[in-house]
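Asks: Let me give you the structure first, and then I'll get to my questions.
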Amino acid sequence: MNFTDLKIFIDIYETGSLNQSAVNLGYAQSNLTARLKNLESEQATLFFIRKYNGIVPTKNGDKFYYFAKETLGNLECLQKEFKSQGKAILISELLLNYDLNQEQSIDIGKDNVSVKKTKDIPTESLKNKYDIIYSFQKIVNLRGFKEDEKALKAFYLSSANHEHPETQNFFVNRDKNCPFRQKTLHDFSDTKKIIELDSFENIINYVESGKGIALLPEYLLKTKKLQKWDEKKKEIRYYKYE
């Protein structure tokens, strides 16, 4: 018996006709009949009673049908698991965008990526099982992971088309644990107007449209219409747990 035999048996059971199953599966009816008889011989039982208007399953035929359906269902689930081989990843929006554009270690078509706010990463990391965790915050009590401290380059960026960015607002993420926000508030909270926005993408869009300035990853200079507001490079630390 093999998986093909199970598929043949299921089709015969569901159609109630060897002739129709031969058409469905592309076999000669004689070939299909021989394989069914071989399957019955292997299991030492009769699966169908042949009648003039088709075939009728026996009690053992009914039992074998449910076995075959469950077996092929389990096989399909296993094949999907083997095919994906993805990793469960916990990450913030900003770090995900940074990785996709710079590091390119995450495969969003294969990996199961869970995006959370920076402030929620430590709590979420302890609630669910992940293979890799990216966090701007050091996570304590995280067992079974190797910590790798990294840094990304950032600059205060403005629109490439804006002539007087020094008169504009400074945008920060509303998430109080965001290191870009913390650094901006440290540098300019006493001298510049600070505006909070809900997401990394919103900040980029506002800066690119010339409505203000924000501390952003350096790679955006290549992908967006942005320029350096000043030449002072900032290093933003983050952690990878794997």
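The values are calculated or read from the model by the stated rules, or taken from the named source; none is laboratory data. Since this is a predicted model, take the numbers as computed values, not measurements. A quick note on method: Cβ atoms are made from the backbone with ideal geometry, for glycine too, and the neighbour counts reach across all protein chains shown. Accessible surface is based on the protein model in full, side chains and every heavy atom, while ligands, DNA and RNA are left aside. Shrake-Rupley method; radii C 1.70, N 1.55, O 1.52, S 1.80 Å.
Asks: Can you tell me which of L78, L90, L95 is outside any helix (DSSP H, G or I), among the aliphatic types (A, V, I, L, M) and under 30 Å from V115 (Cα atoms)?
Replies: Every option except L90 fails the conditions.
Asks: What number of residues within the range 192-225 are within 16 Å of Y98 (Cα to Cα) and open to solvent by less than 20 Å² (accessible area, probe 1.4 Å)?
Replies: 9
Asks: If you go through the range 67-106 one residue at a time, how many are in contact (Cβ under 8 Å) with a residue 24 or more places away in the chain, open to solvent by 90 Å² or more (accessible area, probe 1.4 Å) and within 30 Å of Q43 (Cα to Cα)?
Replies: Final tally of qualifying residues: 1.
Asks: Which one is least open to solvent (accessible area, probe 1.4 Å), of the residues in the range 107-121 that are at pLDDT below 90 and among the acidic types (D, E)?
Replies: Taking the candidates together, the pick is D111.
Asks: For the range 179-198, give me the residue count where each residue is in a loop (DSSP other than H, G, I, E, B) and of a type in the set (S, T, N, Q).
Replies: The number of residues fulfilling the criteria is 2.
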